[in-house]
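Please read the structure below before turning to the comments.
The values are calculated or read from the model by the stated rules, or taken from the named source; none is laboratory data. Everything numeric here is computed off the predicted structure, so don't read it as measured data. Heads up, the Cβs are rebuilt from the backbone with ideal geometry, glycines too, and the neighbour counts pull from every protein chain shown.
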Amino acid sequence: MDYLPIFLNIREQRCLVVGGGEVATRKATMLMRAGARVQVVAPEIAPALSEKLSKHEGHYRKGGYETADLNDVAIVIAATDDEALNRRVYEDCRARQLPVNVVDAPALCTFIFPSIVDRSPLVIAISSAGKSPVLARILRARLETTIPAAYGRLADICGEFRPLAKQTFPDTNNRRGFWEKALQGRFAELVYGGREDEARAHLREEFADASPQQAGEVYLVGAGPGDPDLLTFRALRLMQQADVVVHDRLVSEPILDLCRRDADFIHVGKARSNHAMPQEDINHLLVRLAKEGKRVCRLKGGDPFIFGRGGEEIEELASAGIPFQVVPGITAANGCSAYAGIPLTHRDYAQSVRFVTGHLKDGSPELPWNELIHEQQTLVLYMGLVGLDHICQQLMAHGMASDMPVALISQGTRPDQMVVTGTLSDIAGKVADSGIKAPTLTIIGRVVELRERLNWFSS
């Protein structure tokens, strides 16, 4: 380890920045965010730096650096393009045993600035010891996507309850066990959901029990159309903390791989006319698991509230008094159309879009055919592969043009995505010849013509 990672309290302390350019502005800004009283010494300073100093009660001395500038300062930063001056600042600081950082000169630094993930009071610092600042920034960017902003609020509320925690659990191990449960349970989820007063009340109830038991909860999570990169931050977080994952066939393996590794996985199927578990049994399963005190992630392809029967599941949970939350996912219409290069709306082609299910019941469609016939409308059919020929015939019989463009997308957003295009009159035959398989999405409308120019994902 080349540097000892520490966090330095510089609030209300004088910190010196030598230099007034863009780099000096960035460093001074970071010091001011930490509450420092910044003094800048330079012949000239950037307008942005001048503005920040005025806003944060900093001080600017116009002129050259002098050794006396080091009096009564906590740390020093040299950010000039004069190598001789930078070295002089470094040597003067070493003589006074002052922490000093010369920008882009690791050999002239007694401390370095890390890349920071700021969720104050939670702060994560990343450093490559000056070897590769770009690599540190890339890693920071990755962490930024996995740590919600609400973590800061969570840390603040935990701080409020530290005295009570010490009083309630004098034993360190018991106290740590309590916080581990609280920070992965209902209390934390209430904070993440912006319900902080409820979170405080819930935590007080937890403290009232010397051996608090974690209550069960269900997370109804939309997994999107297949590409793991389309998961939301909240979805990923809940997938990582669930004790049980109840998932459908449409949830891709790469997404399942992102769930907590030691969770129990329950496959409930739901292919067309072949359900591994009836919907009513799924509803009962969710209730039972939650009553056992488990955190259950009900993972559904696409969005749970768009042809996903999510409403039925949370109705059952609500009736049973089970806490739940819903995490929207990117529905197949949005994901598949985007990855196929087909905008669902376009000023020149379609001013509206309509989502319908292509599932047939008892061999006959339940679609309001006349309402679907609009020249400036995009029609999106979920699960329409089996009845595609019948659907096309009905649309033409009710007045839709036979040359209306159609696209059928299979395995949308995934590496094996397939797209077959045609018209109402010939798409069924093309699909049959292609051997394309479910899950599929069908898009009908003039916007399909744009695919040839806008396709970016697949051939």
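Tabulated results
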{"read-out": "Qualifying positions in the range 336-359 - in a strand (DSSP E or B) and either touching a helix residue (DSSP H, G or I) at 6+ places or on another chain (Cβ under 9 Å) or buried (at least 17 other Cβ atoms within 10 Å of the Cβ) (or both)", "value": "H346, A350, V353, R354, F355, V356"}
{"read-out": "Among residues of the range 212-270, those that are surrounded by fewer than 20 Cβ atoms within 10 Å (Cβ to Cβ), assigned to a helix (DSSP H, G or I) and in contact with a strand residue (DSSP E or B) (Cβ under 7 Å, 6 or more places away or on another chain), counted", "value": "4"}
{"read-out": "Of residues in the range 317-329 being in a loop (DSSP other than H, G, I, E, B) and surrounded by fewer than 23 Cβ atoms within 10 Å (Cβ to Cβ), the one nearest to the chain's Cα centre (by Cα)", "value": "P328"}
{"read-out": "In the range 45-64, residue modelled with the lowest pLDDT [restricted to those that are surrounded by fewer than 12 Cβ atoms within 10 Å (Cβ to Cβ) and in a loop (DSSP other than H, G, I, E, B)]", "value": "E57"}
{"read-out": "Unmet criterion (only one of (1) over 38 Å from the mean Cα position of the chain (by Cα); (2) within 19 Å of C336 (Cα to Cα); (3) aromatic (F, W, Y)) for W369", "value": "(2)"}
{"read-out": "Residue check, S425 of a type in the set (S, T, N, Q), outside the structural domain of A223 (by TED's automatic domain parsing) and exposed (fewer than 14 other Cβ atoms within 10 Å of the Cβ)", "value": "no"}
{"read-out": "Where G399 falls short, out of the listed (1) on the phi > 0 side of the Ramachandran plot; (2) within 36 Å of the chain's Cα centre (by Cα)", "value": "(2)"}
{"read-out": "Filter result (free of Cβ contacts under 8 Å to residues at least 12 places away in the same chain, in a helix (DSSP H, G or I) and over 25 Å from A290 (Cα atoms)) within the range 137-174", "value": "I138, A141, R142, R162, P163, K166, Q167, T172, N173"}
{"read-out": "Number of positions in the range 1-16 that are within 26 Å of A42 (Cα to Cα) and either outside any loop (DSSP other than H, G, I, E, B) or within 35 Å of the chain's Cα centre (by Cα) (or both)", "value": "7"}
{"read-out": "Criterion: part of a helix (DSSP H, G or I) and buried (at least 16 other Cβ atoms within 10 Å of the Cβ) - qualifying residue of L379, L395", "value": "L395"}
{"read-out": "Residue selected from the range 86-120 under the condition among the aliphatic types (A, V, I, L, M) and either in a helix (DSSP H, G or I) or modelled with pLDDT of 95 or more (or both), by the criterion farthest from M30 (Cα to Cα)", "value": "A95"}
{"read-out": "Filter pass, G35 being without any contact (Cβ under 8 Å) to a residue 60 or more places away in the chain, over 25 Å from G130 (Cβ atoms), surrounded by fewer than 17 Cβ atoms within 10 Å (Cβ to Cβ) and of a type outside the set (S, T, N, Q)", "value": "yes"}
{"read-out": "Candidate set: the range 65-120, residues that are touching a helix residue (DSSP H, G or I) at 6+ places or on another chain (Cβ under 6 Å) and of a type in the set (G, A, S); chosen: the one surrounded by the most Cβ atoms within 10 Å (Cβ to Cβ)", "value": "A78"}
